[in-house]
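Have a look at the structure below, then the notes.
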Amino acid sequence: MRILIVTQYFWPESFMINDVVKALVKQGHQVVIATGKPNYPEGKIFPGYSAWGVQRELFDEQTLVVRIPTWARKHGGAKNLILNYMVFVLSGLLCLPWALRGLKFDAILVYAPSPITQTIPAIFLKWIKRAPLALWVQDLWPESLKATGFIRNDKALTAVGYMVYWIYKGCDLLLAQSKAFIPPLNEYANRSKIRYQPNSFPQQSTDTPVDAPAELLALLESKFCVVFAGNLGQVQALDCVVGAAEQLKNHADIAIVLVGSGSKSEWLAQQKEARALHNLELPGRFPMQSMPSIFNRAGALLVSLEDDPIFELTIPSKIQAYLAAGKPVLASLNGEGAKVVLEAKAGLASPAGNSEALAANILKIRAMSGEERSEMGRQGKSYFLEYFETESQARQLAETLGAMRKDKK
């Protein structure tokens with residue numbers, strides 16, 4: 001099958017869709033990627049790319065990637081994010097019809113973490129290419145805009161709701177990354193066009209492993225380290241993590257290691273110094289190829305989200321990565337994410353934003369025997385293979401896209 005994937009985020013940025021594309025190509029599908037210039041999460045255009053102009057390259061030596069002009073996110077802020085969103089839409093509408101000329105597709109898929117607006121160029125391409133369009137919803141709008149405080153005005157949120165209704169109407173199929181997404185999606189679209197399509201993670205990476213810095217590896221081996229990996233932003237409830245670190249200051253053998261970067265990086269460094277948190281480590285961001293060496297040495301892996309109803313519906317993609325690593329998981333969140341961890345018997349869960357409960361769970365998992373922690377890891381890995389492994393999920397995705405094409409004929 002010939003599949004066009006439209007997404008604002010793609011390799012060399014670290015997103016799940018990269019591995020899904022590899023799996024689809026391995027299974028014999030022809031895939032073309034329409035995306036922007038990489039700049040997430042640091043907000044700077046990656047070396048080797050220019051913000052303006054259309055660029056073409058090959059991903060994994062065989063998949064065509066067409067990159068359109070992009071406004072870098074820079075250091076965030078409403079102005080830069082709005083420009084980042086709008087420029088992708090305008091560039092997509094103006095550049096992609098010409099850049100993809102002569103190419104035919106059996107289906108179009110939008111991989112859509114925020115913003116949902118990246119679907120707009122794909123709707124235009126749907127009519128030009130006469131191919132059915134599926135939207136893989138990773139983030140609920142307008143709910144997430146309200147939850148993060150990006151938009152507070154009720155009239156503006158209502159206007160976004162109308163836009164979302166129009167976008168969903170322009171799609172032939174909506175894929176929900178969480179079963180809890182289905183009722184909110186149903187408020188804007190007919191239930192018959194909504195399907196559950198969970199996020200995934202590869203069982204084994206095809207990338208060459210890269211060791212993390214020796215200093216970090218030594219720390220991971222010398223203490224019981226609770227590792228958080230990913231974006232260090234507002235929704236990750238890092239104040240809760242800092243609070244837990246403060247409560248564990250007297251436990252010299254425990255460290256909380258936040259691997260990544262984001263809008264809260266500077267704040268975290270300030271808190272570490274102001275509160276004298278010698279047990280809070282901020283080693284920075286590393287390539288995905290370094291994660292196995294870090295995860296393998298971690299005592300437990302941490303996922304956290306803010307205490308807000310919208311985040312109860314989400315399964316953070318790092319949960320799949322943690323389960324795949326075969327390590328115990330500490331979930332400081334509510335709803336679907338915590339449900340997965342507990343259902344898999346892969347770790348412990350505490351209420352979102354509750355630093356006391358998180359600290360207590362860290363102590364509890366530290367007090368377990370090595371065999372008890374290993375059993376948690378094994379059960380998590382088994383659950384991952386059954387529900388989230390990339391090869392099987394990519395096969396299911398292709399079947400869904402193929403059925404959508406048949407339905408449109």
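Can you pull out the residues in the stretch 143-156 that are over 26 Å from L397 (Cβ atoms) and either modelled with pLDDT under 90 or of a type in the set (G, A, S) (or both)?
Answer for the stretch 143-156, where residues must be over 26 Å from L397 (Cβ atoms) and either modelled with pLDDT under 90 or of a type in the set (G, A, S) (or both): L145, K146, A147, T148, G149, F150, I151, R152, N153, D154, A156.
Among the residues of the stretch 268-279, are any free of Cβ contacts under 8 Å to residues at least 24 places away in the same chain, touching a strand residue (DSSP E or B) at 6+ places or on another chain (Cβ under 7 Å), over 21 Å from A346 (Cβ atoms) and surrounded by fewer than 17 Cβ atoms within 10 Å (Cβ to Cβ)?
Within the stretch 268-279 (the criterion being free of Cβ contacts under 8 Å to residues at least 24 places away in the same chain, touching a strand residue (DSSP E or B) at 6+ places or on another chain (Cβ under 7 Å), over 21 Å from A346 (Cβ atoms) and surrounded by fewer than 17 Cβ atoms within 10 Å (Cβ to Cβ)), the answer is yes, since at least one residue qualifies.
Please determine whether any residue of the stretch 124-133 is at pLDDT 95 or above, among the aliphatic types (A, V, I, L, M) and within 23 Å of the chain's Cα centre (by Cα).
Among the residues of the stretch 124-133, at least one is at pLDDT 95 or above, among the aliphatic types (A, V, I, L, M) and within 23 Å of the chain's Cα centre (by Cα), which makes the answer yes.
Tell me yes or no: at least one residue of the stretch 214-230 is farther than 24 Å from L323 by Cα and within 17 Å of the chain's Cα centre (by Cα).
Residues of the stretch 214-230 farther than 24 Å from L323 by Cα: 214-215.
From what is left, the residues that are within 17 Å of the chain's Cα centre (by Cα) are none.
Checked against the condition, which is being farther than 24 Å from L323 by Cα and within 17 Å of the chain's Cα centre (by Cα), the stretch 214-230 yields no hits at all.
Sort out which residues of the stretch 30-44 are in contact with a Pro (Cβ under 9 Å, 6 or more places away or on another chain) and modelled with pLDDT under 95, and write them in order of number.
Across the stretch 30-44, there are no qualifying residues.
If you take the residues in the stretch 1-57 that are surrounded by 15 or more Cβ atoms within 10 Å (Cβ to Cβ) and acidic (D, E), which one is farthest from A131 (Cα to Cα)?
The extreme case among them is E42.
Across the stretch 96-150, which residue is nearest to E306 (Cα to Cα) among those that are of a type in the set (S, T, N, Q) and open to solvent by 10 Å² or more (accessible area, probe 1.4 Å)?
Per the stated criteria, the residue is T148.
Take S374 and tell me if it is among the polar types (S, T, N, Q) and either touching a helix residue (DSSP H, G or I) at 6+ places or on another chain (Cβ under 7 Å) or in contact (Cβ under 8 Å) with a residue 60 or more places away in the chain (or both).
So S374 fails the test.
If I filter the stretch 243-260 down to residues being open to solvent by less than 20 Å² (accessible area, probe 1.4 Å) and assigned to a loop (DSSP other than H, G, I, E, B), which single residue comes out as farthest from I319 (Cα to Cα)?
Going through the qualifying residues, I end up with L248.
Identify the residue in the stretch 71-88 that is buried (at least 17 other Cβ atoms within 10 Å of the Cβ) and farther than 15 Å from I151 by Cα and, among all such residues, is modelled with the lowest pLDDT.
Checking each candidate, the answer is R73.
Kindly provide the set of residues from the stretch 322-347 that are in contact (Cβ under 8 Å) with a residue 12 or more places away in the chain, part of a helix (DSSP H, G or I), of a type outside the set (A, V, I, L, M) and open to solvent by 10 Å² or more (accessible area, probe 1.4 Å), ordered by number.
E336, E343
Let's see how each residue does on (1) free of Cβ contacts under 8 Å to residues at least 60 places away in the same chain; (2) under 19 Å from the mean Cα position of the chain (by Cα); (3) not in a strand (DSSP E or B):
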residue: I5; (1), (2), (3): no, yes, no
residue: S14; (1), (2), (3): no, yes, yes
residue: N18; (1), (2), (3): yes, yes, yes
residue: P41; (1), (2), (3): no, yes, yes
residue: S50; (1), (2), (3): yes, no, yes
residue: L58; (1), (2), (3): yes, no, no
residue: L64; (1), (2), (3): yes, no, no
residue: T70; (1), (2), (3): yes, no, yes
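Those residues that are open to solvent by 50 Å² or more (accessible area, probe 1.4 Å) and among the small types (G, A, S), I need them from the stretch 375-396; list them, please.
If we filter the stretch 375-396 for residues that are open to solvent by 50 Å² or more (accessible area, probe 1.4 Å), which is where we start, we get 375, 378-379, 381-382, 385-387, 391, 395-396.
S382 - this is the single residue of the stretch 375-396 that is open to solvent by 50 Å² or more (accessible area, probe 1.4 Å) and among the small types (G, A, S).
What are the residues in the stretch 45-64 that are within 19 Å of A398 (Cα to Cα) and at pLDDT 95 or above, if any? Give the steps one after another, and end with the answer.
We begin by selecting, within the stretch 45-64, every residue within 19 Å of A398 (Cα to Cα); these are 62-64.
If the condition is that a residue be within 19 Å of A398 (Cα to Cα) and at pLDDT 95 or above, then T63, L64 are the ones that fit.
So how many residues does the stretch 299-321 have that are among the polar types (S, T, N, Q), outside any strand (DSSP E or B) and within 19 Å of L140 (Cα to Cα)?
The first filter runs over the stretch 299-321 and keeps only residues among the polar types (S, T, N, Q), leaving 304, 314, 317, 320.
Filter once more, keeping what is outside any strand (DSSP E or B): 314, 317, 320.
In the following step, the residues that additionally are within 19 Å of L140 (Cα to Cα) were identified as 314, 317.
Final tally of qualifying residues: 2.
Does the stretch 151-162 hold any residues that are open to solvent by less than 80 Å² (accessible area, probe 1.4 Å), touching a helix residue (DSSP H, G or I) at 6+ places or on another chain (Cβ under 8 Å) and either more than 30 Å from R130 (Cα to Cα) or touching a residue at least 40 places away in the same chain (Cβ under 8 Å) (or both), and which are they?
Once the filter is applied, which keeps residues that are open to solvent by less than 80 Å² (accessible area, probe 1.4 Å), touching a helix residue (DSSP H, G or I) at 6+ places or on another chain (Cβ under 8 Å) and either more than 30 Å from R130 (Cα to Cα) or touching a residue at least 40 places away in the same chain (Cβ under 8 Å) (or both), the stretch 151-162 yields I151, L157.
Counting only residues that are among the hydrophobic types (A, V, I, L, M, F, W, C) and surrounded by fewer than 23 Cβ atoms within 10 Å (Cβ to Cβ), which one in the stretch 296-310 is nearest to F201 (Cα to Cα)?
Of everything passing the filter in the stretch 296-310, A298 is nearest to F201 (Cα to Cα).
The values are calculated or read from the model by the stated rules, or taken from the named source; none is laboratory data. Just so it is clear, the structure is predicted and the values come from calculations on it, not from any experiment. Every residue, glycine as well, gets a Cβ built from its backbone with ideal geometry; the counts of neighbours run over all protein chains shown. We work out accessible area using only protein heavy atoms, side chains counted, and drop any ligands, DNA or RNA first. Shrake-Rupley method; radii C 1.70, N 1.55, O 1.52, S 1.80 Å.
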